[in-house]
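Below is one structure, written out as structure tokens, with a few remarks after it.
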Amino acid sequence: MSTARTASHRLQVATTLYQFIEDKVLPGTGVKSAAFWKGFDKLVADLAPKNIALLAERDRLQSEIDAWHKAHPGPITDMPGYEAFLKKIGYLVEQPAKARITTANVDAELAVQAGPQLVVPVLNARYALNAANARWGSLYDALYGTDVISEDDGCEKGKGYNPRRGAKVIEYARHVLDRTAALRKGSHVDAVGYRIKDGKLAVKLKDGSNTSLADAKQFMGFQGEAKAPSAVLLQHNGLHLDIQINRSTPIGASDPAGVSDLVLEAALSTILDLEDSVAVVDADDKVLAYSNWLGI
């Protein structure tokens, strides 16, 4: 079945893709339709011949290698000879004597942080949404529902909320804060209040003393009022910890510091992978993939 196409400059664009760009992508971007298609036409005209040449070179190399292996079946016994052949056809090239690569303006997630990433096939919207949502998660929920917290001594999960188990969860989470965002003195376990003073995090302990972070640079920001923040954002090894404070919730009401949850950043980014989605071959597939990518 032939694909309906819409002419734009020198391009013949699949109509479904053309309408997707017109109706879903361009509105709200500030980019006018005429400018987009004119610019895209110019890019295709410039890059298409180069891409064709690269594909032809790939085919040539593959053909040469296939022919060599047909002439030399079985395991390679003469590795130096094989390497010489690959250099002769241009598959291998000599390593430059002096090679230097520099970069600028690269996001920290790529340049300096070896952080976790989630990879999902872009055609599956549910997977993509789940991966994006999984970037942040409640440590309280994770601890309460798993066997990290023992069910001994009346700490069973049960069908409803178990305050004794909840207390164990809170204590465990406080120790996580001690390990990842230690205080100058004392422990988060003994915290009865968090506030912002002079742009820094101040923590009041149950003995009435005040302390602060051992490393003040770990404090990233807050929400709400400085004297009574609703959230405090910390950072450890490039990942964030969000101390949520809400005394109106059942958990926060029973917590001396009003902490209702500790939300952790579990991944740095979500990669929506078109390579895994091998079915992305026609305009309809591409529209679906781009829709999932943009979340529309």
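In the chain, taking the dipole from charged Cβ atoms about the Cα centre, the farthest positive-side position among Phe222, Thr180, Gln12 is held by Phe222.
Toward the positive end of the charge dipole of segment 136-266, about the Cα centre and with charges on Cβ (Lys, Arg +1; Asp, Glu -1), which of Leu241, Asn210, Leu262 goes farthest? Value computed over the given set: Asn210.
Stick to Cα atoms and the Kirkwood definition of Rh, then tell me Rg/Rh for segment 13-162.
Ratio of gyration radius to Kirkwood radius for segment 13-162: 1.16.
Charged side chains reduced to their Cβ positions (Lys and Arg at +1, Asp and Glu at -1) give the chain a dipole of some 940 debye around its Cα centre. Put a dot 7 Å past the Cα of Ser248, heading toward its Cβ, do the same for Ala53, and the two dots end up 6.5 nm apart.
In this structure the amide hydrogen of Ile271, modeled in the peptide plane, comes within under 5 Å of the amide hydrogens of Leu118, Val119, Val120, none closer than 5 places in sequence on its chain.
So if I place +1 on the C-beta of Lys and Arg and -1 on the C-beta of Asp and Glu, and nothing else carries charge, what would the dipole magnitude of segment 231-292 be about its Cα centre? I want it in debye, nearest 20.
The dipole of segment 231-292 has a size of about 480 debye.
Annotation for segment 28-98 versus segment 165-191: alpha-carbon center distance of 55 Å.
Rounded to the nearest 20 debye, the dipole size of segment 136-266 about its Cα centre is 500 debye, using +1 on the Cβ of Lys and Arg and -1 on the Cβ of Asp and Glu.
Scanning residues 5 or more positions from Ala231 or on other chains, those with amide H under 5 Å from its amide H are Gln223, Ile245, with H placed 1.01 Å from N in the peptide plane. When Arg5, Arg165 are arranged by Cβ crowding within 10 Å, least crowded first, meaning fewest neighbours, the order is Arg5, Arg165. Residue-normalised convex hull volume from the C-alpha trace of the chain: 302 Å³ per residue.
Rounded to the nearest Hz, the phi-derived 3J(HN,Hα) couplings of segment 57-65 under the Karplus curve 6.51 cos²θ - 1.76 cosθ + 1.60 (θ = phi - 60°) are 5, 4, 4, 4, 4, 5, 5, 4, 5, where x marks glycine and proline. Step through the table entries Lys157/Lys227; Lys168/Lys204; Lys168/Lys206; Lys185/Lys227; Lys50/Lys87; Lys32/Lys286, compare each Cα-Cα distance with 28 Å, and write down the pairs that go over it. Correct reply: Lys157/Lys227.
Label zone of Thr103 (point 7 Å out along Cα→Cβ, amide N under 11 Å): in segment 111-144 this covers 111-114. Taken one residue at a time, the phi angles of segment 176-187 give Karplus couplings (6.51, -1.76, 1.60, θ = phi - 60°) of 4, 4, 4, 6, 9, 9, 4, 8, 4, 8, x, 9 Hz. Gly and Pro are set to x.
Under a 5 Å amide H cut-off, with hydrogens placed 1.01 Å from N, Ser212 pairs with Arg184, Lys185, Val203 among residues at least 5 apart or on other chains.
Full extension of the chain between Ala84 and Val189 gives 31.2 nm of extra length, using 0.36 nm per residue less the Cα-Cα distance. Here the spin labels are modelled as points 7 Å beyond Cα on the Cα-Cβ line, and at Leu129 and Gln19 they lie 2.4 nm apart.
Just so you know, all these numbers are worked out from the coordinates, no wet-lab data involved. For clarity, every value in this text was computed on a predicted model and none was experimentally measured. Using ideal geometry, Cβ is built from the backbone for each residue, glycine included, and neighbour counts are taken over all protein chains shown.
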